[in-house]
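Take a look at the structure below.
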Amino acid sequence: MGKGETEQSLIEMLDRERIPVHLAVIMDGNGRWAEKRGLPRAAGHRAGAEALRELVHFCAELGVKYITAYAFSTENWKRPRAEVDQLMALLVEYLYRELDEMDQQDVCFRAIGNPEDLPPEARQALADAVQRTRGNSGIVVNLALNYGGRRELVEAMRRLGAEIKAGRLEPADIVENTVQSHLYTAGIPDPDLLIRPAGEHRISNFMLWQAAYTEFWMTPVLWPDFGRVHLAQALLDFQRRERRYGGLNV
Ligand code: IPE
Ligand code: IPE
Ligand code: MG
């Protein structure tokens with residue numbers, strides 16, 4: 001069986017009634033992908049952006065409603081300045097290059113994290129993409145940029161504290177939904193499936209609250225090599241799992 005056939009047969013095996021509503025992905029392994037080829041790390045990030053493009057198209061076809069893609073963490077500022085600059089430049093390039101096509105395909109771009117701390121050009125490109133696609137009703141692509149799960153929780157706590165101080169909220173009235181509604185992902189269902197490529201088995205500060213009952217799928221495949229066949233494998237695996245949420249599903 002050729003590669004195309006394997007991919008096609010996997011896709012045909014998918015239960016279209018049980019496609020995850022929200023898919024989250026930690027786009028990791030770009031650097032290793034480039035190093036393996038003797039290329040600069042930036043080439044890996046470029047190839048990684050291409051993989052995201054493919055993922056968005058395939059997910060839209062399958063009926064996934066939300067993708068959250070971890071593109072830059074609050075810890076990624078620790079990298080050499082040159083790499084951070086390249087990542088930001090690539091973001092701008094990606095957004096402007098993809099915008100027309102994504103807009104035509106009804107994709108709605110959003111950002112989660114603290115994009116206000118990004119360099120001005122990146123902020124602008126992001127604001128343009130969000131503004132231009134805000135009325136679209138197709139797949140929502142949340143770009144997690146300068147995102148940190150702990151920072152998200154700290155900010156939520158600060159806002160809750162301010163509301164208490166202002167007399168608008170009683171501590172005893174804080175329930176799970178109150179916290180949820182103060183996160184960057186307010187109004188978005190928790191991810192059903194989280195994909196972590198590149199052989200890493202950790203959460204790296206991603207969606208700490210939201211991932212309470214998310215199914216994890218890990219693969220040694222490096223993010224730039226992650227294609228339709230891998231997504232089909234992940235989804236098939238996901239569809240075979242029993243989600244119990246602490247219950248017994250009897
Ligand atoms: C993910 O790839 C991209 C970002 C974190 C921005 P990496 O750059 O972390 O790639 P590796 O882990 O070094 O291979
Ligand atoms: C996670 O990857 C962040 C993104 C993919 C944006 P990292 O490469 O930063 O994660 P660690 O450092 O290996 O945990
Ligand atoms: Mg990495």
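Per-residue Karplus couplings for segment 14-21, computed as 6.51 cos²θ - 1.76 cosθ + 1.60 with θ equal to phi - 60°, are listed in order as 5, 8, 5, 7, 10, 7, x, 6 Hz, Gly and Pro entered as x.
Ratio of alpha-carbon Rg to the 2.2 N^0.38 Å globular estimate for segment 181-249, to two decimals, please.
That works out to 1.22 for segment 181-249.
Summed over qualifying helices (DSSP H, 4 residues or more, each -39500 (n - 2.57)) and divided by its residue number, the chain shows a 222 nm mean residue ellipticity of -14500 deg cm²/dmol.
Calculated on the alpha-carbon coordinates, the convex hull of segment 1-153 measures out at 134 cubic angstrom per residue.
Coupling constants for segment 109-115 follow from the phi torsions by the Karplus curve (6.51 cos²θ - 1.76 cosθ + 1.60, θ = phi - 60°), and in residue order they are 8, 9, 10, 10, x, 10, x Hz; glycine and proline get x.
So, for segment 1-99, what is the accessible surface per residue at a probe of 1.4 Å, expressed in square angstrom?
50
List the longest stretch of the chain that has no exposed loop site; here a site is one of the GluC sites (Glu not before Pro) assigned by DSSP to anything other than H, G, I, E or B, with at most 15 other Cβ within 10 Å. Between the exposed loop sites, the longest stretch runs 76-199.
The mean sequence separation of alpha-carbon pairs under 8 Å and at least six residues apart, normalised by the residue count of segment 50-202, gives a relative contact order of 28 percent. When only Cα pairs below 8 angstrom with a gap of at least 6 residues are kept, segment 166-250 shows a relative contact order of 26 percent. Leaving out ligands, DNA and RNA, and with a 1.4 Å probe, what % of the accessible surface on segment 156-231 is carbon or sulfur? Percent of accessible area from carbon and sulfur atoms in segment 156-231: 54. Based on protein heavy atoms only, segment 143-192 ends up with 57 Å² per residue of surface accessible to a 1.4 Å probe. If you average over every viewing direction, what projected area does the convex hull of the Cα atoms of segment 1-83 give, in nm²? Spelled out: convex hull of the Cα atoms, projected over all directions, averaged, 7.2 nm².
So which helices of the chain fit the span-like rule, where a helix is a whole DSSP H run, its Cα atoms reach 27 Å or more along the axis, and its mean Kyte-Doolittle is at least -0.5?
Going by DSSP H runs, the hits are 41-62, 81-104.
The values are calculated or read from the model by the stated rules, or taken from the named source; none is laboratory data. Here the structure is a predicted model, which is why all the values come from computation and not from measurement. We place every Cβ from the backbone using ideal geometry, glycine too, and count neighbours over all the protein chains shown. What goes into the accessible areas is simple: the full protein's heavy atoms, side chains included, and nothing from ligands, DNA or RNA. Shrake-Rupley method; radii C 1.70, N 1.55, O 1.52, S 1.80 Å.
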